[in-house]
Amino acid sequence: MATTPARTKRWTRIEYERLVDAGVFRPGEPIELIGGGLIVSEPQGSHHFTAVRRATTTLEAAFGPAWEVRPQGPIALDDDSEPEPDVAVVPGAIDDYRDAHPSRAALLVEVAESSLVLDREHKGSLYARTGIADYWILNLVDRVLEVFREPARDDSAPFGWCYARREVFDASASVIPLEAPGARVRVVDLLP
């Protein structure tokens, strides 16, 4: 008997949005489109949710009214990716995105407990490939903020890109967002 290797279906962002519009997924189901694959997000425990809310309010204060800080909303990054980062800072106001999800962000933040490897390797590679200059992982395991900058080609990375610079900040440190150079974000204000 001959064996046939397993095949997977790659999805485009348009196909994915049609599935969402058709009600294939339940409301609030934690599914993201990452590089053509459907990924189930980590469940949100109380620490995760608290960190998302703290990051949202802290970044709203840091960036000010010219920026929309979106908790857990879709970002239409490219033809095969529509992730839902825990926090995205995008230019403009909420109504600017009434008819379409934003396609670019000044800053993306992922809150990580069990998703740390996925956030560093897969999402980090995707975000670097799409030109996100400032990517933060709020690492709840080690209680630090990992800051990734300077997207660079890397053929060994899942999506062919990585970040050339990674800095780790403990709770006593402050970080200056690239697009808000007058602001200082205290890491302690992000942690639950």
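Nothing in this text is a laboratory measurement; each read-out follows from the coordinates by a stated rule. All figures in this text were calculated on a predicted structure; none of them were measured in a lab. For neighbour counting, all protein chains shown are included, and Cβ atoms are generated from backbone atoms with ideal geometry for every residue, glycine included.
The antiparallel fraction among DSSP beta bridges confined to the stretch 44-189 stands at about 85%. Between Ala171 and Thr12, the modelled label-to-label distance comes to 4.8 nm, taking each label 7 Å out from Cα in the direction of the beta carbon. Would you calculate, for the chain, the mean residue ellipticity at 222 nm contributed by helices, counting each DSSP H stretch of 4 or more residues as -39,500 (n - 2.57) and dividing by all residues, to the nearest 500? Rounded to the nearest 500, the figure is -5000 deg cm²/dmol. The trypsin sites (Lys or Arg not before Pro) found in the stretch 1-44 that occupy coil by DSSP, while having at most 16 further C-beta atoms within 10 Å, are Arg7, Lys9, Arg10. By the count of neighbouring beta-carbon atoms within 10 Å, fewest first, Thr50, Thr130 end up ordered Thr50, Thr130. Against the main long axis of the alpha-carbon atoms of the chain, helix 46-63 sits at an angle near 60°.
Comparing Arg104, Arg120, Arg153 in a Gaussian network model of the chain (Cα springs below 10 Å), the most mobile by mean-square fluctuation is Arg153.
Note on the chain: GNM, Cα springs under 10 Å; of Gly92, Gly23, Gly35, the largest mean-square fluctuation is that of Gly23. Take the Cα of Val24, step 7 Å toward its Cβ, do the same at Asp95, and the gap between the two points is 3.4 nm.
If I take all pairs of Cα atoms in the stretch 44-189, what percentage of them are more than 23 Å from each other?
Numbers: 3141 of 10585 pairs.
Within the stretch 44-189, distances greater than 23 Å cover 30 percent of Cα pairs.
Residues within the reach of a label modelled at Asp142 (point 7 angstrom out along Cα to beta-carbon, backbone nitrogen below 18 Å), restricted to the stretch 101-123, are 109-123.
Using the count of nearby Cβ atoms within 10 Å as a rough guide to exposure, how do Tyr16, Tyr135, Tyr97, Tyr127 rank from fewest to most? Ascending Cβ contact count within 10 Å gives the list Tyr97, Tyr16, Tyr135, Tyr127.
Any idea what the relative contact order of the chain is, in percent, if you count C-alpha pairs under 8 Å spaced at least 6 apart?
On the way: 373 pairs, mean separation 32.6, N = 192.
With pairs under 8 Å counted, the relative contact order is 17 percent.
The residues Ile14, Ile75, when put in order of fewest to most other Cβ atoms within 10 Å, stand as Ile14, Ile75.
Give me the net charge for the shell around Thr130: Cβ to Cβ below 9 angstrom, other residues only, Lys and Arg +1, Asp and Glu -1. In short, +1. A simple spin-label model places pseudo-atoms 7 Å from Cα toward Cβ; at Asp189 and Ser46 they are separated by 2.5 nm.
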